[in-house]
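Before any comments, here is the structure.
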Amino acid sequence: MSLQVDLIKQLSDLHPKPEHIHFQYGTAGFRTLGSVLDSVMFRVGVLAGLRSKRLDGKTIGVMVTASHNPEPDNGVKLVDPRGEMLENSWEVHATTLANAPTSEAFIEAVDAFVKTMRIDLSKPAKVVYARDTRPSGPALVAALEDGIKAIGAEGRDAGVTSTPVLHYLVRAINTKGTKDAYGEDSEEGYLEKLSAAYKKLVAGKAASPPLLVDCANGVGAQVAYKFAEYIGDTLQLIPVNTATTTPGALNNGCGADFVKTSQKLPPSLASTLKPGQRACSLDGDADRLIYFYLDGRGQFHMLDGDKIAALVAAFIVELTKAAGIDDQIKVGIVQTAYANGGSTKYLSERLPVKCVPTGVKHLHHAAEKYDVGVYFEANGHGTVLFSPESLDKLAQHQPSTPAQSTALNHIINLTNVINQTVGDALSDMLLVEVVLAHKSYSGEEWDSLYVDLPNRLVKVVVADRNIFKTEDAERRLVSPPGLQVKIDELVRRYEGGRAFVRPSGTEDVVRVYAEATLRTQADELAYRVAGLVY
Ligand code: 16G
Ligand code: ZN
């Protein structure tokens, strides 16, 4: 079977590539202004179909979102059959296809690609796709559908939903009817699976105080409202910032990225959040989660991805001990250079901790190497992975006391409340609430596990960010030559000082991170390192 060249040409001509724009499949897929992404969407549709054919007709996912970025932005990323990010080696192929200047050049590139990858075009192809609430979404999905049609793939529209739901769907579809079945392949199936596990885990525990959920005026609002129904009285969820149809509201002055970067309470919550009460923020596609609370004096405290990792890892270790399985199932942590020094110190005194470069795929792959891998970026993206061997051990373990049996059931339920395909703000929220309920922790008690070092993140616009090259999981610069020595020299002058510089993978800037024992010192160090970079 060969390519349907006429059909591809006819449809591709409807989605011409804009001149003078170079697209790049980066850490978060293709991401830029929604208004220039039409051709990219069409071509991603074709590519998703080809990937499905290459993998023997397994379903591939496509998510249309720009996450925490401003509303006019949009983006697209591919999801592999087990619900993970697209295999690394295909990123360059995505980039090549997206940049072919004309329909003819595109068809030629597809043809060459099919030949080198030995893709059997007679294989079936299936693609499931979803989008967030951005206004540019419907038109971009229409372009994607043209691409799916052009390559002769079967498309399934999962509608408007969160990124983690789409990842779940891909895994559920591909494991249906097997021994690894992941759940019903629908949003209801997802809600049902997670909330049933949550309810078992908190059965008999005192009801938690109501939880404010800042939905960033994005798609998480819709999923949060549904969870509120599914989990009923066990935990009262109060979604706020749910204006998904108000122009300009998405991620504006609210959401996980706002809270993490500005280290402030979203202004829209100022009159609602009471001292002592917990709240959390999701990002625009609901795959990041940040908690916070106000103390008795009304002072804001943030509980970020690092704090979530510490809370959750300690709880799982405790349960493996209580279940008598801690000699067989070991917990490990994965962080990035952005992890607060306070968290790294606390965690590495207790568990194995690995540091990897920024980006979910790096964390995910490193976490797969542990029996139970807990990975969180400080920005609130993360999850927990249980290896297939650990899942088998849990299923086969014979508890010798009722207490062991209870703990074992808790761990098994945790494997179901956690979305193991990707970071999932609402799944992580349920997980956090389970631990808080079991430990009877308030936000303040959770916060006191360790003290965060004051830190500052700044961006620097430079002429060419590509000259910045890093090593040691982005903690040190190898290029431009000589710069790292100057940074080291500066850092030495600050008590508890640490700083690093890396090029952003999503914006045309260089990021500088600094921390120190004192707030003023952390700020000063960040600005002085930025001065070296500029
Ligand atoms: C993307 C990554 C996120 C990372 C961020 C860093 C995925 C799905 N997302 O959003 O993990 O923290 O990029 O952005 O991998 P930066 O390179 O601009 O600092
Ligand atoms: Zn996101």
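The values are calculated or read from the model by the stated rules, or taken from the named source; none is laboratory data. Predicted, not measured: the structure shown is a model, and the values here were computed from it. Using ideal geometry, Cβ is built from the backbone for each residue, glycine included, and neighbour counts are taken over all protein chains shown. Accessible surface is based on the protein model in full, side chains and every heavy atom, while ligands, DNA and RNA are left aside. Shrake-Rupley method; radii C 1.70, N 1.55, O 1.52, S 1.80 Å.
Could you do me a favour and compute the accessible area per residue for segment 228-299, 1.4 Å probe, result in Å²?
Values: 3070 Å² over 72 residues.
Value returned for segment 228-299: 43 Å² of accessible area per residue.
Enumerate the lysines that Lys264 could reach by cross-link, defined here as Cα to Cα under 26 Å, with residues fewer than 8 away along the same chain left out.
List returned: Lys274, Lys307, Lys345, Lys459.
Distances over 43 Å make up what percent of all Cα-Cα pairs in the chain?
Numbers: 24501 of 142311 pairs.
Pairs farther apart than 43 Å: 17 percent.
Semi-axes of the equivalent ellipsoid for segment 169-277, please: Cα gyration tensor eigenvalues, times 5, square-rooted, ordered largest first, whole Å.
Numbers: eigenvalues 172, 79, 26 Å².
Each semi-axis is the square root of five times an eigenvalue, giving 29, 20, 11 Å.
Of all DSSP beta bridges in the chain, what percent run antiparallel (nearest 5)?
Numbers: 39 of 64 bridges.
Around 60 percent of the beta bridges assigned by DSSP in the chain are antiparallel ones.
Can you list the lysines whose alpha carbon is less than 16 Å from that of Lys193, not counting same-chain residues fewer than 8 positions off?
Lys176, Lys226
How large is the dipole of the chain about the Cα centre if only Lys and Arg carry +1 and Asp and Glu carry -1, each at its Cβ, rounded to the nearest 20 debye?
On the way: 56 positive and 64 negative charges, 131 e Å.
With only Lys, Arg, Asp and Glu charged at Cβ, the dipole is about 640 debye.
Tell me the per residue accessible area of segment 455-533 using a 1.4 Å probe; a whole number in Å² is fine.
Values: 4050 Å² over 79 residues.
That works out to 51 Å² for each residue.
Quick check on the chain: helices-only [θ] at 222 nm, where DSSP H runs of length 4 and up contribute -39,500 (n - 2.57) each and the sum goes over total residues. Nearest 500, please.
Details: 18 runs with 215 residues, N = 534.
For the chain, the value works out to -12500 deg cm²/dmol.
Show me 267-278, 412-423, 191-202 ranked by packing, highest mean number of other Cβ atoms within 10 Å first.
Details: 267-278: 14.7, 412-423: 22.5, 191-202: 19.7.
Going from most to least packed, we get 412-423, 191-202, 267-278.
I'd like the distance separating the alpha-carbon centroids of segment 307-344 and segment 238-268, in whole Å.
After rounding, the separation between the Cα centres reads 30 Å.
Using alpha carbons only, how many angstrom separate the centre of segment 185-204 from the centre of segment 463-534?
The two parts, judged by their Cα centres, are 43 Å apart.
Would you work out what percent of the accessible area of the chain, with all protein chains in place, is carbon or sulfur (probe 1.4 Å)?
Details: 11290 of 21510 Å².
Reported share for carbon and sulfur atoms: 52 percent.
With a 1.4 Å probe and all protein chains left in place, how much accessible area per residue does segment 5-160 have, in Å²? Before the final figure, lay out the partial values.
Details: 6180 Å² over 156 residues.
Each residue of segment 5-160 exposes 40 Å² on average to a 1.4 Å probe.
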